[in-house]
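The values are calculated or read from the model by the stated rules, or taken from the named source; none is laboratory data. The model shown is predicted, which means the values in this text are computed figures rather than measured ones. A quick note on method: Cβ atoms are made from the backbone with ideal geometry, for glycine too, and the neighbour counts reach across all protein chains shown. The area values use the complete protein model at the heavy-atom level, side chains included, leaving out ligands, DNA and RNA. Shrake-Rupley method; radii C 1.70, N 1.55, O 1.52, S 1.80 Å.
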Amino acid sequence: MLCSLAVPFCAYAPGKASAAPKHSHVHSDEAKSKIYQGYFETEQVKTRELSDWAGKWHSVYPYLLDGTLDPVFKHKAEQGEKSFEDYRKYYELGYKTDVTKIVITDNSMAFTQGDKTYRGTYLNDGFEILTYAKGNRGVRYIFKKADGDASAPEYVQFSDHGITPEKSGHFHLYWGKDRKALLQEVTNWPTYYPWALNGKQVVREMLAH
């Protein structure tokens, strides 16, 4: 069974998969930065399809364990309020997963865990807007299993800091049997980058944000 840690936390507002509100796209770098940080208007949020995350992805957790991501945590310590060790511990819990590879098509997902791979076909199940403790917000794009292996999760929820249709460059993923319970998870968010990127390239991508 695929699993993630669960800790309750926040408020959320449901979104409909069938009707996204019309709103002009905001193109300024400042506006995009604010959205990435979780500051946006509800009417800006649009429905997204599984194809936004199509591709072959790998977990960054092994890169944390072997020290490859240490430059990222050192940079955060220089800019932020926590120590290098505190940031490393925070992300160690966040990135923790034994699902090392995920392959996504327009309507399916395959999860590789050790020497086993579980597959499922997934349908759009809308989105939820979450409000976090510090006041910013995030959007979970949700897909429900329609068919597939019993071990493939019933629900998957994507978070990649985007709120409108666009190809994702990386994502945080939540999965399990209970749609509502997954929305309470904010401490463990397995994170995936394109399979083609090696550790040093992942570090460059992280430092760019």
Exercise. Identify, by number, the condition in (1) open to solvent by 50 Å² or more (accessible area, probe 1.4 Å); (2) in contact (Cβ under 8 Å) with a residue 24 or more places away in the chain; (3) of a type in the set (Asp, Glu) that Asp52 doesn't meet.
Key: (1)
Practice problem: Of the numbered conditions (1) over 17 Å from the mean Cα position of the chain (by Cα); (2) in a strand (DSSP E or B); (3) crowded, with 20+ Cβ neighbours inside 10 Å, Leu123 fails exactly one; give the number of that condition. | Solution: (3)
Quiz item: Yes or no: Lys76 part of a helix (DSSP H, G or I), open to solvent by 40 Å² or more (accessible area, probe 1.4 Å) and modelled with pLDDT under 95?
Solution: no
Quiz item: Restricting the search to segment 126-153, which residues are over 30 Å from Glu41 (Cα atoms) and under 17 Å from the mean Cα position of the chain (by Cα)?
Solution: Pro153
Self-check item: Boolean, His209 is closer than 23 Å to Gln37 by Cα, open to solvent by 20 Å² or more (accessible area, probe 1.4 Å) and touching a strand residue (DSSP E or B) at 6+ places or on another chain (Cβ under 9 Å)
Solution: no
Quiz prompt | First in segment 134-150 and free of Cβ contacts under 8 Å to residues at least 40 places away in the same chain and surrounded by fewer than 22 Cβ atoms within 10 Å (Cβ to Cβ), second anywhere and of a type in the set (Asp, Glu) and assigned to a strand (DSSP E or B), Cβ under 9 Å, 6 or more apart | solution = Lys144/Asp125
Practice problem: For segment 55-81, name all the residues that are on the phi > 0 side of the Ramachandran plot and in contact (Cβ under 8 Å) with a residue 12 or more places away in the chain. | Solution: Gly55
Self-check item: Single match in Gly169, Gly162, Gly176 (criterion: under 16 Å from the mean Cα position of the chain (by Cα), in contact (Cβ under 8 Å) with a residue 24 or more places away in the chain and surrounded by fewer than 15 Cβ atoms within 10 Å (Cβ to Cβ))
Solution: Gly169
